[in-house]
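Read through the structure below, which is laid out as structure tokens, and then see the notes.
Bear in mind these aren't lab numbers, they're just calculated from the coordinates by the rules spelled out. Every value quoted in this text rests on a predicted model; they were computed, and no experiment measured them. Every residue, glycine as well, gets a Cβ built from its backbone with ideal geometry; the counts of neighbours run over all protein chains shown.
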Amino acid sequence: VHIQANLEDALVQEALKTGVDLRQYSKQVELELQEVERASIRDYIKESENIASLHNQITACDAILERMEQMLSAFQCDLSSISSEIRTLQEQSVAMNLRLKNRRAVRRQLGQLLDELVVPAAMISTILEAPVTEPEFLEQLQELNGKINSVKEQAFRETVACADVQHVLEKLKIKTGGVLGGGAGEGNGGTESWGGRGYPDIFSPGRFFYQFLLGNERVVAQELREQYVDTMSKIYLSYFKSYTSRLMKIQYEEVAEKDDLMGVEDTAKKDILELCPSLKNRNTVFTLGNRGSVIGAAELEGPIIVPHAAQKSDVRYPFESLFRSQHYALLDNSCREYLFLCDFFMVTGPSAQDLFNAVMGKTLAMFLKHMEAYVCDCYDSIAVFLCIHIVLRFKAIMAKRNIPAVEVENFVLRVAAEFSSRKEQLIFLINNYDMMLGVLMERAVEESKEVEGFQQLLSARTQEFIEEILSPPFGGMIAFVKEAEALLEKGQLERLRGEEARVTQLARGFSSTWKASVESLSQDVMRSFSNFKNGTGIIQGALTQLIQYYHRFHKVLAQPPLRSLPARAELINIHHLMVELKKHKPNF
């Protein structure tokens, strides 16, 4: 195998090709190898020092590497230990972080609870010693209210700590109620001039005082409200009565009397304030002149007349100017009072109007009495006409201020709501709408929006009343007709097959009672309405509506599910019914 391999060597192949003697060639090669060996030995001997030095360096490096290996092994051991410590620290850190979060959560909740429950000494001293008009008192009162509400909430959760502060809060609440109630009583003693609001200082912080009393001392809150109503009612009445009396002293002496007009009946009535003395000069009784400026924009909302200043200047005014000043003062104070009542006593809608009436009712009654007394002996038609326009413009001003003014329709609805039954309410509304419509028809064209509006109201309430009076005697039939027609529209007539007993009862009941029911209905309507024409119209409408319902009842019974019902034969002929009902139609 080795011989074959050597024969394949390139040098051997070349020697064989050239015909060289192999023995001779091997000796030559051997000699060359010996020469190379000797040369290598000489080189080695020559480089022996370098080789020895290299050996020493390798030995030194090996020692260094051995030490480094030892150091790295030590580092590896230390790192393993540090890694274990880091893992331990991480676990401890996670546990500490969790405990910290829990403590913070508990502290936050407990801190909030403590803030809500603990009553600081500053709060106690402020509420007991500070005047109620100071801002600090209001701040502490708001905080006290929050603590009272918090204690109520926590007591519901059965928090034991509430018992420690309950008695303190209760005493502070009672003390505050007494302070606010007493402060209000002292504060109501006086008002400012007409130019200011005229409310006591106790009310300046707003409605929170009353809100606190309402939530914690309802009896005191009610007493405060009643005391305010009583005091302000007297104040308004006193000031407006005095102001009106002083205003009338600066009226023109030249006013119209009954002798200036034709066809005037004599009257013995006199003004309660003796506002119309006997006068001499009547040249301007029928002359407008510059009197119309009182309803102009500049003068309408101008400053009110100050009587003592006018008396000093010896200035006099026509009645309409005094009327404007008097009623503008009333308007301005009424608007302020209404807004104050809504804000302070937290009332809206009918409750606000009732409270306002309690405060201003006596003053308004005095105004009406004064105006009635003046009009009874007044012959100055221009003044009356201008006063009417002043009232209309003042009503528009109140609407702009978003203050509810007298609205006939809403007033009638409010009065109607006092009746217990809907039937009585409708009778009241129809009678009043009919009367208003009659007055309007006499003084306005039939196409006016006012007439049209009341006609629509009267028609709607009349139709509702007709349904109301038909319901007791014929309500069963009407309800059945509406139900059956609804099923007919939905295509569910088969559901009527279970109504045979009901239909039979309705048909027989109508046949036996309709005459007595119609008679009773007619008498009831005629007793309820003072206008005979209106009453007859309602009766006619009710009978017409009854015929329509009865006709629809016939049509329902003609449907397949009820067509074979024996009760159909007992029904009154509709034409016969119409003839009989015509007998109940009232004649003029």
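State to the nearest 20 debye the size of the charge dipole of the chain about its Cα centre, where the only charges are +1 on K and R beta carbons and -1 on D and E beta carbons.
Working: 66 positive and 78 negative charges, 627 e Å.
Dipole size: approximately 3020 debye.
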Legend entry - J(HN,Hα) series, the range 299-305, from Karplus relation 6.51 cos²θ - 1.76 cosθ + 1.60, nearest Hz, glycine and proline x: 8, 4, 10, x, x, 6, 6
Legend entry - residue 450 versus residue 226: modelled label distance in nm, points set 7 Å from Cα along the beta carbon direction: 4.3 nm
Inset, instruction - Sticking with the crude label model, points 7 Å out along Cα→Cβ, report the distance from residue 339 to residue 308 in nm, one decimal please. - result: 2.8 nm
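Rg over Rh of the chain, using C-alpha atoms and the Kirkwood radius, what does it come to?
Details: Rg = 54.8 Å, Rh = 36.8 Å.
Across the chain, the Cα-based Rg/Rh ratio is 1.49.
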Legend entry - Note, ³J(HN,Hα) from phi for the range 569-583, Karplus 6.51, -1.76, 1.60, rounded to Hz, x at Gly and Pro: 5, 8, 5, 6, 4, 5, 5, 4, 4, 4, 4, 5, 5, 5, 5
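Local charge sum around residue 310 (other residues, Cβ-Cβ under 10 Å, Lys/Arg +1, Asp/Glu -1)? Each step should come with its number before you reach the end.
On the way: positive: 246, 249, 312, 316; negative: 314.
So the environment of residue 310 carries a net charge of +3.
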Legend entry - Size of electric dipole in the range 473-584: Cβ of Lys, Arg +1 and of Asp, Glu -1, about Cα centre, debye, nearest 20: 140 debye
Legend entry - Calculated from backbone phi, Karplus (6.51, -1.76, 1.60) coupling profile of the range 41-48 in Hz, x at Gly/Pro: 5, 4, 5, 5, 5, 5, 9, 4
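In what sequence, highest mean first, do 549-557, 28-36, 298-306 appear when ranked by Cβ atoms within 10 angstrom?
Working: 549-557: 17.9, 28-36: 10.4, 298-306: 14.6.
Sorting 549-557, 28-36, 298-306 by mean packing, highest first, produces 549-557, 298-306, 28-36.
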Inset, instruction - Tell me which residues come under 5 Å, amide H to amide H, from residue 317 once H is placed; ignore anything under 5 positions away on its chain. - result: 251, 252
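Which peptide among 10-23, 226-239 comes first, and what is the full order, when sorted by highest mean count of other Cβ atoms within 10 Å?
Result, highest mean first: 226-239, 10-23.
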Inset, instruction - Can you pull the one-decimal nm distance between simple spin-label points at residue 61 and residue 391, each 7 Å off the Cα toward Cβ? - result: 12.5 nm
Inset, instruction - Using Cα positions and a limit of under 29 Å, work out the lysines in reach of residue 423, with same-chain residues fewer than 8 apart set aside. - result: 449, 482, 515, 533, 582, 583, 585
